[in-house]
Amino acid sequence: MPNPLVTGAVQRDKWLAMKCAPFPWNRRDRERSTMAITLNNGFQMPIIGLGVWRMEKKAIKDLIIESIKIGFRHFDCASDYKNEAEVGEALCEAIKTGLVKREELFITTKLWNTDHGHVVEACKHSLKKLQLDYLDLYLVHFPISIRHTGIGATGSPLDEDGVLDIETNISLETTWHGMEDLVSLGLVRSIGISNYDIFLTRDCLAYSKIKPAVNQIETHPYFQRESLVKFCQKHGICVTAHTPLGGADANTKRFGTVSCLDDPILKGIAEKYKKTVAQIVLRWGIQRNTVVIPKTSKFERLKENFKVLEFELAKEDMDVIQAIDKNYRSNIQPAKFWGIDLYA
C-alpha cells in the first residue's frame, strides 16, 4: 500500500510545479482586469466568488449552474452552511456536462468549531459531500474549539449556563498542524484561517510550518479593518471579505444592523458611475486587493455582481469611501446566539 504522506507530497509537488500557470479563464475573461490573486503558495484565487451561506437548498443547483455560465469559478462553502451536498450535486453536474472543468474551479469550505480535534476526518466528510477529490482552500471557520458532537455535526452546543461549550484542551496551534496534514495528504491545495484578528493571525504565522494563504473576515465600507487587512497583506496572507456588502437586508432582519448599501455617499458614487451601490461596494473591495464573495439568490444580481470586473473606481472615490468607515460589525452571530462575544 502506498504511503499516503508520500503520495500527498508528490501530488503537492505537481500542484506547485504548475504555480506559474495562469488561472484558466476563457478569452472573454482574460480581457478583464485582475481576475485572480496569487496566493503565497503560488496558486491563484479568483478575486470574486459566490458565497452560499443561507442559500436555500432547493435553489442552489440552478444558481450555481447559472453562475458558472456567467463566469463565476470560485465558490465559498462551509460545513456549517449545511448545504455542501447540494453544492456538490451542482458542481458534479456542471463538470459531467462539460460546462466547466474541475481544474477551472476554486472551491473553498471550512472546518467547523466542533471538529478542531478531527481535522482530517472533517475534511474528508466535506469532500464526500462536495463530490470532490481535493479542495482548493480549507479554512478554520472560527478561532475557537467547542465540544465535539460527531464528524460533520455542525451544532453549537451550549453548557448548562447557556454559553458556548468551549473546549480547553485543543489549542489553535494543534488545529493548525492538523490543517497542515491535509496538504501533505493531498486533500487540500491551500489552507487558511477565518475570523482571526491581528494577534491570532500573528500567532498562526509564528507556529505554522505552512503559512495561512487566506484570512477570511468581515469587511465592507462600514467595517474596513484597515490595520488587519494591511497586516495580512504585508505578511503574504490574502484577505477574503465575507459579508462584503455589509449583510444587506438579510443582516438587518437577522441582527437588526444597518446596511452600508443605504449610505447616501455610496448612492452618490453609484449614480456617478451608473452602477448599483452593491457594484460600487464590491469594486471598492476588489481595488483594496481583497477577494469578495457576495451571496445572492437572484439571477439578475449574479450578473450584476460579476460585472464589477468591467469598470474601475477613481482614486478620489476610493478615498471618499475610505472616509465613511464606522468600525461597524454587521454580522454579530456569536454574541447573539452563543451567549459569548467571540470578538471581545
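The values are calculated or read from the model by the stated rules, or taken from the named source; none is laboratory data. None of these values were measured; they are calculated from a predicted model. In this analysis, Cβ positions are derived from the backbone assuming ideal geometry, glycine residues included, and neighbour counts consider all displayed protein chains. Just the protein is used for accessible areas: all its heavy atoms, side chains included, with ligands, DNA and RNA removed. Shrake-Rupley method; radii C 1.70, N 1.55, O 1.52, S 1.80 Å.
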Residues (in contact with a Phe, Trp or Tyr (Cβ under 7 Å, 6 or more places away or on another chain) and in contact (Cβ under 8 Å) with a residue 60 or more places away in the chain) located in the stretch 292-323:
LYS295, PHE306, ILE321
Working carefully through the options LEU139, LEU130, find the one that is of a type in the set (A, V, I, L, M) and touching a helix residue (DSSP H, G or I) at 6+ places or on another chain (Cβ under 7 Å).
LEU130
Residue selected from the stretch 60-78 under the condition of a type outside the set (Val, Ile, Thr) and under 28 Å from VAL119 (Cα atoms), by the criterion most open to solvent (accessible area, probe 1.4 Å)
LYS61
Which one is farthest from ASN83 (Cα to Cα), of the residues in the stretch 102-131 that are outside any helix (DSSP H, G or I) and open to solvent by 20 Å² or more (accessible area, probe 1.4 Å)?
GLY117
Residue set SER297, SER330; condition within 23 Å of the chain's Cα centre (by Cα), more than 14 Å from ALA278 (Cα to Cα) and open to solvent by less than 30 Å² (accessible area, probe 1.4 Å); output residue SER330
Does at least one position in the stretch 241-254 carry a residue that is modelled with pLDDT of 95 or more, hydroxyl-bearing (Ser, Thr, Tyr), out of contact with any helix residue (DSSP H, G or I) (no Cβ under 6 Å at 6 or more places or on another chain) and buried (at least 21 other Cβ atoms within 10 Å of the Cβ)?
no
Count, please, the residues in the stretch 160-189 that happen to be farther than 23 Å from LEU132 by Cβ and hydrophobic (A, V, I, L, M, F, W, C).
5
Give the residue, chosen from THR175, THR149, that is in a helix (DSSP H, G or I), of a type in the set (Ser, Thr, Tyr) and over 18 Å from the mean Cα position of the chain (by Cα).
THR175
In the stretch 189-221, residue nearest to the chain's Cα centre (by Cα) [restricted to those that are open to solvent by 10 Å² or more (accessible area, probe 1.4 Å) and under 21 Å from LEU50 (Cα atoms)]:
ASN195
Residues in the stretch 79-101 that are more than 22 Å from VAL119 (Cα to Cα), in contact (Cβ under 8 Å) with a residue 12 or more places away in the chain and not in a helix (DSSP H, G or I) total 3
Counting only residues in the stretch 302-317 that are surrounded by fewer than 16 Cβ atoms within 10 Å (Cβ to Cβ) and outside any loop (DSSP other than H, G, I, E, B), the one farthest from the chain's Cα centre (by Cα) is identified as GLU316
